[in-house]
Amino acid sequence: MHISWKKLAIALAILPFVVVLAAWIGFFNVGASSGHWKITEWFLHFAMRSAVRTYALAVDVPEALPRHAIQPAAGHFARGCAICHGAPGEPRSPVVMRMLPQPPDLAGTVGEWSNAQLFRIVKHGVRFTGMPAWPTQERDDEVWAMVAFLRELPSLDEATYR
């Protein structure tokens with residue numbers, strides 16, 4: 001079967017209209033309980049990781065993380081992050097477990113990211129995930145303190161975390 005360039009161009013020109021029509025008639029289920037198609041899930045995760053990796057290239061990483069600020073950052077984590085990501089000895093709620101996408105257990109995933117990438121995620125959040133940006137955008141010192149805390153998180157048990 002031979003497909004001409006002209007037919008391919010026409011099909012590609014029509015495709016956006018077909019997608020908009022499908023959205024307009026309600027073809028796409030937006031219910032969080034239905035999950036994503038596997039290809040959609042893969043693409044969104046791929047796009048997020050790629051964007052974080054790219055934008056993190058512009059982050060100026062300090063020579064050393066502010067270890068003196070880990071305790072205050074732990075307080076920020078307990079008040080603002082643990083509700084979704086859980087904490088040592090604190091399982092995530094059933095409501096959070098039904099979020100889409102599901103917030104990761106940070107103790108098990110922080111090792112996948114560089115310090116610059118963690119900074120980027122913490123400071124700017126992740127659109128379409130429920131992950132908010134840092135509330136005070138001008139306080140990079142607080143964001144770096146959170147990155148330092150996140151680096152310690154995998155080694156914390158419940159008693160140390162408290």
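Read-outs: derived from the displayed coordinates by stated rules, not from any lab. Note that this is a predicted model, so its numbers are computed, not measured. Cβ atoms come from the backbone with ideal geometry, glycine included; neighbour counts cover every protein chain shown.
Quick one: compute a quarter of the convex hull surface over the Cα atoms of region 115-162 and quote it in nm².
4.0
Over the Cα atoms of region 33-161, what Rg and Dmax result, in angstrom?
Answer for region 33-161, Rg first and Dmax second: 14.8, 45 Å.
Output ³J(HN,Hα) for region 152-162: one whole-Hz value per residue in order, computed from phi by the Karplus curve 6.51 cos²θ - 1.76 cosθ + 1.60 with θ = phi - 60°, and x for Gly and Pro.
7, 3, x, 8, 8, 9, 4, 5, 5, 5, 5
Cut-off is 10 Å between beta-carbons; in what order do 112, 152, 90 appear when sorted fewest neighbours first?
112, 90, 152
By per-residue mean of other Cβ atoms within 10 Å, what is the highest-first order of 3-16, 63-76, 42-55?
Descending packing order for the listed peptides: 63-76, 42-55, 3-16.
How tilted is helix 115-124 with respect to the longest principal axis of the chain? Cα atoms for both, answer in degrees (0 to 90, nearest 10).
Once rounded, the angle reads 70 degrees.
Over the chain, calculate the relative contact order: mean separation of alpha carbon pairs under 8 Å at least 6 apart, over the residue count, as a percent.
Contact order relative to length: 28 percent.
Which one of 72, 9, 150 is farthest out on the positive end of the charge dipole of the chain, using unit charges on Cβ (Lys, Arg +1; Asp, Glu -1) and the Cα centre as origin?
It is 9.
Which residue, 119, 128, 27, tops the fluctuation ranking in a GNM of the chain built on C-alpha contacts under 10 Å?
27
Leaving out same-chain residues fewer than 8 places away, which lysines sit with a Cα under 30 Å from that of residue 123?
Answer for residue 123, where 30 Å is the Cα cut-off: 38, listed by chain and number.
Per DSSP H run of at least 4 residues, take -39500 (n - 2.57); add these up for the chain, divide by its residues and hand me the 222 nm value, nearest 500 deg cm²/dmol.
It comes out at -16000 deg cm²/dmol, rounded to the nearest 500.
Under 5 Å between amide H atoms, partner at least 5 residues away or on a different chain: which partners does residue 131 have, H built in plane at 1.01 Å?
The list, which skips near neighbours in sequence, is 126.
Compute the long axis of helix 5-24 from its Cα atoms, compare it with the longest principal axis of the Cα atoms of the chain, and write down the angle in degrees, 0 to 90, nearest 10.
60
Kindly write out, for region 80-88 in residue order, the coupling ³J(HN,Hα) from the Karplus curve 6.51 cos²θ - 1.76 cosθ + 1.60 (θ = phi - 60°), rounded to whole Hz, with x marking Gly and Pro.
So the Karplus estimates, Gly and Pro as x, are x, 10, 4, 4, 9, 8, x, 8, x Hz.
Under 11 Å from the Cβ of residue 144, count the other residues' Cβ atoms, weight Lys and Arg +1, Asp and Glu -1, and hand me the total.
Local charge sum for residue 144: 0.
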